[in-house]
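The values are calculated or read from the model by the stated rules, or taken from the named source; none is laboratory data. Quantities reported herein were computed from a predicted structural model and do not represent experimental measurements. Cβ placement follows ideal geometry from the backbone for every residue including glycine, while neighbour counts extend to all protein chains displayed. Remember, those area values only see protein heavy atoms, side chains included, never the ligands or the DNA or RNA. Shrake-Rupley method; radii C 1.70, N 1.55, O 1.52, S 1.80 Å.
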Protein chains: 2
Amino acid sequence: MLDKLMQRRSIRRYEEREPAPELIEKIVRAGQQAPFASQLYSILLSREGPHPFDAPLLFTICADIHKLEKIMDYRGWKVVSSDLALLLFAIQDAILAAGQMVTAAESLGLGTCFLGQAPYQAQKIRQDYELPLRVFPIVQLLMGYPREDPPPRPRYPLDFVLFEDRYPELNPEQVQRAAEIMDQGYLEQNYYQQLGAMIRLEGEREEKYTLENYSWTEHISRKWGQWLLAEEEILRQMKMCGFTIGKQEGNTAGPCKGGT
Amino acid sequence: MLDKLMQRRSIRRYEEREPAPELIEKIVRAGQQAPFASQLYSILLSREGPHPFDAPLLFTICADIHKLEKIMDYRGWKVVSSDLALLLFAIQDAILAAGQMVTAAESLGLGTCFLGQAPYQAQKIRQDYELPLRVFPIVQLLMGYPREDPPPRPRYPLDFVLFEDRYPELNPEQVQRAAEIMDQGYLEQNYYQQLGAMIRLEGEREEKYTLENYSWTEHISRKWGQWLLAEEEILRQMKMCGFTIGKQEGNTAGPCKGGT
């Protein structure tokens, strides 16, 4: 089982055949059994493609406060927690379910790939799936039978991720070593070359890379160094889904302990 | 493997003996292999108890932009994305790693339990672990050898979670059925009775429950209906960790596709 977890990788080529409904049900049921604050999520499924990478299944995993409000209304209660607090917990519930679906899918011979644009397309997803207010799409997950068999991808060395008792000062040598491990790892796998994708440089920066030497740290630098991913756009999408962040007031309150 | 996922449950009683360092390393390495946007997380470990439920290990899983900035600085780049966008992706990275650690731990005979208060104790955690700015604790995870063997906990019925093509209108009968499945399931397991815990009623509400009939929907109603969990407190903790939300401006930008 540990081997299976270590072998996980995203799949970007899928067979046409659709996983059987019983399989889909098993995978979602396994996702449901992940640990949660309060099951503050819902899972939308679309079999009607075309989906990215021609995957037969597209799941959209949402933070869902609508269902909580329905359940609380049934019991004669109203939500008082702030939208930011609710979203912070609901996102965790949603992502734990999604993660466990990935593991379940892999154990059944299926492959998956996350798509990160859902929060920026919330209004469109809301229209497509007729979402009620208080449901916010967090992430999408492609699924199907793999038509490729890539290796697991490189990761930072353990000592760049796990810190006991205190967060160390990361000196330039450590940063360089972590960067080199990532870059050399991806280059050895010809990852970007096979993907055929480099993020284009904006502004006056001069292109010094080709698909032969472009690798992970350059890729994430261009991503987070060029994509403005403005707060106001996310806030606007959240607002259209019935969530307000950055304008709420209230009092401090206690912690929340223990999952189920 | 699917059975193992379906059997997962939180553990609140632990043996004293500490899992071996090799085991801890295997579990964190498995967590690292989860799918990510950009490895925007770090994992803090404390073996020095006492921790809640006397668990020998306490992990604190953090959204980490500090490391990203170090890597980007090494490549001559600066982050331009908004803090809200960064946190939205970093929280997903952090939770996917945490979820995969849970599965890895279970596969090795260990038990786990999430603790949700980290975002409200961010400043204290920051001091305890000497966190640099741009690192925000999202969730904590207890781990150790289980000294109890509880059953997996009830979940909503599948048709209250998985929606194909459109989000249905949830009628009162469906809501009641979902509520009853949760409540009866928890009552059959004597969950709250064994836990010995009920959330106290605030204000003028009259207590009508005892540990014998108090169950899940009443519990989450009291949680989200009484805990103000104010936005300003979360924003204050985020601010102290170097993140500003609700006051940033910028432009819209493109999506982000595909995990690794």
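Scanning segment B:138-159 for residues being within 11 Å of chain A (Cβ to nearest Cβ), surrounded by 20 or more Cβ atoms within 10 Å (Cβ to Cβ) and not in a loop (DSSP other than H, G, I, E, B) gives a total of 5.
Quick check on this structure: which one of B:Asp93, B:Asp83 is of a type in the set (Asp, Glu) and in contact with a strand residue (DSSP E or B) (Cβ under 9 Å, 6 or more places away or on another chain)?
Testing whether each residue is of a type in the set (Asp, Glu) and in contact with a strand residue (DSSP E or B) (Cβ under 9 Å, 6 or more places away or on another chain) leaves just B:Asp93.
Annotation: of all residues in segment A:91-105 being within 7 Å of chain B (Cβ to nearest Cβ) and touching a Ser or Thr at 6+ places or on another chain (Cβ under 6 Å), the one that is surrounded by the most Cβ atoms within 10 Å (Cβ to Cβ) is A:Val102. When A:Leu108, A:Leu162, A:Leu187 are screened for being at the interface with chain B (Cβ under 10 Å from one of its Cβ atoms), surrounded by fewer than 22 Cβ atoms within 10 Å (Cβ to Cβ) and free of Cβ contacts under 8 Å to residues at least 40 places away in the same chain, only A:Leu162 passes.
Within segment A:14-61, the set of residues being in contact with a helix residue (DSSP H, G or I) (Cβ under 8 Å, 6 or more places away or on another chain), among the β-branched types (Val, Ile, Thr) and more than 7 Å from chain B (Cβ to nearest Cβ) comprises A:Ile27, A:Thr60, A:Ile61. Is it the case, given these coordinates, that A:Ile11 is buried (at least 19 other Cβ atoms within 10 Å of the Cβ) and within 8 Å of chain B (Cβ to nearest Cβ)? Criteria not met by A:Ile11. The residue that is farthest from A:Asn171 (Cα to Cα), among those in segment B:71-90 that are open to solvent by 10 Å² or more (accessible area, probe 1.4 Å) and of a type in the set (Val, Ile, Thr), is B:Val80. Filtering B:Thr210, B:Thr217 for residues that are hydroxyl-bearing (Ser, Thr, Tyr) and surrounded by fewer than 17 Cβ atoms within 10 Å (Cβ to Cβ) leaves a single hit, B:Thr210. If you filter segment B:165-175 down to residues that are part of a helix (DSSP H, G or I) and surrounded by 13 or more Cβ atoms within 10 Å (Cβ to Cβ), you find that the one that is nearest to the other protein chains (Cβ to nearest Cβ) is B:Val175.
Return the residue satisfying two criteria in turn: it lies in segment A:190-205 and is within 12 Å of another protein chain (Cβ to nearest Cβ) and not hydrophobic (A, V, I, L, M, F, W, C), and of such residues it is surrounded by the fewest Cβ atoms within 10 Å (Cβ to Cβ). Ranking the qualifying residues of segment A:190-205, first place goes to A:Gly203.
Of all residues in segment B:68-81, those being more than 7 Å from chain A (Cβ to nearest Cβ) and in a helix (DSSP H, G or I) number 2.
Residues of segment B:121-137 that are part of a helix (DSSP H, G or I), within 11 Å of chain A (Cβ to nearest Cβ) and open to solvent by less than 30 Å² (accessible area, probe 1.4 Å): B:Ile125 alone.
Being at pLDDT 95 or above, over 29 Å from B:Asn213 (Cβ atoms) and not in a helix (DSSP H, G or I): is that true of A:Ala63 here?
The answer is yes for A:Ala63.
In this structure, is B:Phe36 in a loop (DSSP other than H, G, I, E, B) and within 17 Å of the chain's Cα centre (by Cα)? Yes, satisfied. Take the conditions of a type outside the set (Lys, Arg), open to solvent by less than 10 Å² (accessible area, probe 1.4 Å) and part of a loop (DSSP other than H, G, I, E, B) and apply them to A:Ala30. Does it pass? No; evaluated as a whole, the condition is false for this residue.
Quickly run through segment B:220-236 and pick out the residues that are open to solvent by 10 Å² or more (accessible area, probe 1.4 Å) and touching a residue at least 40 places away in the same chain (Cβ under 8 Å). Talk me through it step by step, then tell me what you get.
First pass over segment B:220-236, keeping only residues open to solvent by 10 Å² or more (accessible area, probe 1.4 Å): B:223, B:225-228, B:232-233, B:235-236.
Within segment B:220-236, B:Glu233 is the sole residue that qualifies.
The set of residues from segment A:44-58 being closer than 18 Å to A:Arg13 by Cβ and in a strand (DSSP E or B) comprises A:Leu57, A:Leu58. Scan segment B:96-116 residue by residue and report those that are part of a loop (DSSP other than H, G, I, E, B) and modelled with pLDDT of 95 or more. If the condition is that a residue be part of a loop (DSSP other than H, G, I, E, B) and modelled with pLDDT of 95 or more, then B:Leu108, B:Gly109, B:Leu110 are the ones that fit.
Listed by first and then second residue, the pairs with beta-carbon distance under 9 Å, at least 6 apart or on different chains, first residue in segment A:169-180 and assigned by TED's automatic domain parsing to the domain that holds A:Ser215 and closer than 13 Å to B:Lys67 by Cβ, second small (Gly, Ala, Ser) and assigned to a helix (DSSP H, G or I), are A:Leu170/A:Ala178.
Just one residue in the set B:Arg236, B:Arg166 is outside the structural domain of B:Ala122 (by TED's automatic domain parsing), under 27 Å from A:Ala97 (Cβ atoms) and among the basic types (Lys, Arg); that residue is B:Arg166.
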